[in-house]
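Where a number appears in this text, it was derived from the coordinates with a stated rule and is not lab data. The structure displayed is predicted, hence computed values, not measured ones. FYI the Cβ positions are ideal-geometry reconstructions off the backbone, even for glycines, and counts take in every protein chain you see.
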Amino acid sequence: MPELVNFTPLAATCVPSMSLDDQELALLLVVGRFQLPAPGRFSDALALHEAEVHIPLEDSYLGEPGRSSLYWEGQASCVRPAPTSTCAATRGPPGAGR
């Protein structure tokens, strides 16, 4: 497995994988978390969020697997033919501290 040297502020890892036709691959996972501008404010560029990013390699569920909804899809999968984006957001009333 090649060593990954990450020169970015994003979380990154390299894991072994297989293609759909059984060829060995090095799967590079790069994940970033961004701070969205406040409502009514606009920005030309997103700022990186200061919270540490975790790269989920396995699926996680809201409760017991098989009896609850998928919460976060694991990223170590060979069925990703192109980069993907996920938007996970929470929102409450103004001033709620979310």
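Along the Cα→Cβ direction, 7 angstrom out, place labels at Leu57 and Trp72. What is the inter-label distance in nm?
Output for this residue pair reads 1.5 nm.
Would you give the gap between the C-alpha center of segment 46-69 and the C-alpha center of segment 1-28, rounded to a whole Å?
A separation of 19 Å, based on Cα centres.
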